[in-house]
Amino acid sequence: MRYFLELAYLGTAYHGWQRQPNALSVQEKIEEVLTRLLQVNVEIVGAGRTDAGVHAKQLFAHFDAEEILNTEEIRFKMNSMLPKDIAIIDIFEVRPDAHARFDALSRSYEYQIIQHKNPFVMDQTFYLKKELNIAKMNEAAEILNTYTNFKCFSKSRTDVKTYNCKIKSAVWKKSGDMLVFHITADRFLRNMVRAIVGTLLEIGQGKSSVDNLHQIIKSEDRGRAGTSVPAQGLFLTEIKYPKIAVA
């Protein structure tokens with residue numbers, strides 16, 4: 001049987017989602033707990049990777065089991081055994097060929113910025129005490145929808161077959177005291193959202209122009225784009241699937 005996990009986590013203490021040697025990851029903690037509960041070695045496949053310090057309000061992963069599981073009991077036990085910064089929201093059976101990564105239709109991220117110091121949210125936001133032209137930033141964000149090759153925003157030495165992504169929406173919005181960047185695409189490159197945000201912030205501060213964004217994207221040169229913003233303000237917020245994958 002194949003099962004999907006829906007989970008959320010605060011990424012502060014972890015070196016990203018993916019299991020890796022000599023560094024603590026979210027995937028490692030979940031696999032350890034599932035292996036103990038099912039008493040067989042369990043490997044899970046996530047819908048995507050988040051970098052060190054990045055958070056997830058929603059992420060899906062799949063795993064296989066040889067027998068039918070009491071999913072509510074497993075969910076309860078997993079939440080009891082996992083650290084407080086990882087939560088299992090749901091576990092449900094899917095068709096045998098359903099894939100958490102390859103079946104995903106879109107992924108959405110938010111990047112949170114505060115411009116007035118607030119000690120209660122500093123670990124999950126980027127504190128930037130500078131004047132920003134949000135209208136210019138949104139004008140630039142609309143340009144992203146007209147391109148597909150985003151090599152200029154990709155982390156160097158990334159092993160990918162293509163730098164093409166289809167951005168479906170990108171917009172800055174005020175949310176209380178926060179300024180939040182929302183972006184949705186079919187896929188994302190490593191470090192892509194943080195590099196985009198850094199580039200748009202330079203435009204908002206008048207260090208770069210809206211028109212210059214065209215040249216940055218066409219250059220395919222990471223050195224032309226803005227500095228990546230800190231990880232703690234970034235959240236993976238939603239992953240969408242076709243109904244058949246999760247029914």
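The values are calculated or read from the model by the stated rules, or taken from the named source; none is laboratory data. Just so it is clear, the model here is predicted, and its values are computed rather than measured. Please note: Cβ atoms are built from the backbone with ideal geometry, for glycine as well, and neighbour counts cover all protein chains shown. In case anyone asks, the SASA skips ligands and DNA or RNA and just uses the protein heavy atoms, side chains included. Shrake-Rupley method; radii C 1.70, N 1.55, O 1.52, S 1.80 Å.
Of the beta bridges DSSP finds with both residues in the chain, what % are antiparallel, to the nearest 5? Could the numbers behind the result be given before it?
On the way: 41 of 45 bridges.
Roughly 90 percent of the beta bridges in the chain run antiparallel, per DSSP.
Averaged per residue, what accessible surface does the stretch 1-89 expose to a 1.4 Å probe, in Å²? Walk me through the numbers before you get to the answer.
Numbers: 4480 Å² over 89 residues.
That works out to 50 Å² for each residue.
Over the chain, what is the relative contact order in whole percent, taking alpha-carbon pairs under 8 Å and six or more residues apart?
Values: 527 pairs, mean separation 63.2, N = 247.
Once divided by the residue count of the chain, the mean separation gives 26 percent.
Using the Karplus curve 6.51 cos²θ - 1.76 cosθ + 1.60 with θ = phi - 60°, work out ³J(HN,Hα) for each residue of the stretch 115-121 in order, rounded to whole Hz, and write x for Gly and Pro.
Coupling constants for the stretch 115-121: 10, 10, 4, 9, x, 7, 10 Hz.
How many angstrom separate the Cα center of the stretch 44-68 from the Cα center of the stretch 75-140?
The two parts, judged by their Cα centres, are 13 Å apart.
Computed FRET efficiency, Cβ-Cβ of E142 and K84, R0 45 Å: what is it to the nearest 0.05?
Efficiency, from the Cβ-Cβ distance: 0.70.
Decide, for the stretch 86-203, between rounded, prolate and oblate: order the square roots of the alpha carbon gyration tensor eigenvalues as a ≥ b ≥ c, take rounded if a/c falls under 1.5, and otherwise choose prolate if a/b is larger than b/c, else oblate.
Here the stretch 86-203 falls in the oblate category.
If you take every residue apart from Q115 with its C-beta less than 11 Å away from the C-beta of Q115, what net charge results, scoring Lys and Arg +1 and Asp and Glu -1?
+2
Roughly to the nearest percent, how much of the accessible area of the chain is carbon and sulfur, given a 1.4 Å probe? Don't jump to the answer; show the numbers that get you there.
Working: 6070 of 12770 Å².
Answer for the chain is 48 percent, counting heavy atoms of protein chains only.
What is the packing order of peptides 21-27, 32-38, taking the mean over residues of other C-beta atoms within 10 Å and listing the highest first? Show your work: numbers first, answer last.
Working: 21-27: 14.3, 32-38: 16.3.
Peptide ranking by packing, descending: 32-38, 21-27.
Between beta-carbons, use under 13 Å as the cut-off and find the net charge around N133, counting Lys and Arg +1, Asp and Glu -1.
Here the count lands on 0.
Kindly provide the Kirkwood hydrodynamic radius of the chain in Å, to one decimal, from all pairs of distinct alpha carbon atoms.
Working: mean 1/r = 0.0524 Å⁻¹.
This gives a value of 19.1 Å.
Once the whole set of protein chains is in place, how much accessible area is left on H15, using a 1.4 Å probe, in Å² to the nearest 10?
Near enough 100 Å² of accessible area.
So how tilted is helix 71-81 from the main axis of the chain? Cα-based, degrees 0 to 90, rounded to 10.
Tilt of helix 71-81: around 70 degrees.
Students often forget the sequence filter, so: which lysines lie under 30 Å Cα-Cα from K166 once same-chain residues fewer than 8 apart are removed?
Of all the lysines, those that pass the test against K166 - Cα under 30 Å, at least 8 places apart if same chain - are K57, K136, K151, K155, K174, K207, K218, K240, K243.
How fast does the stretch 1-108 diffuse by Stokes-Einstein, in µm²/s, taking the Kirkwood radius from C-alpha pairs at 25 °C and 0.890 mPa s? Walk me through the intermediate numbers first.
Numbers: Rh = 13.9 Å.
Answer from the Stokes-Einstein relation: 176 µm²/s.
Using a cut-off of 12 Å between beta-carbons, work out the net charge of the residues near H62 (Lys and Arg +1, Asp and Glu -1, H62 not included).
Details: positive: R2, R95, R101; negative: E6, E43, D64, E93, D97, D103.
Within the 12 Å Cβ shell, the charges total -3.
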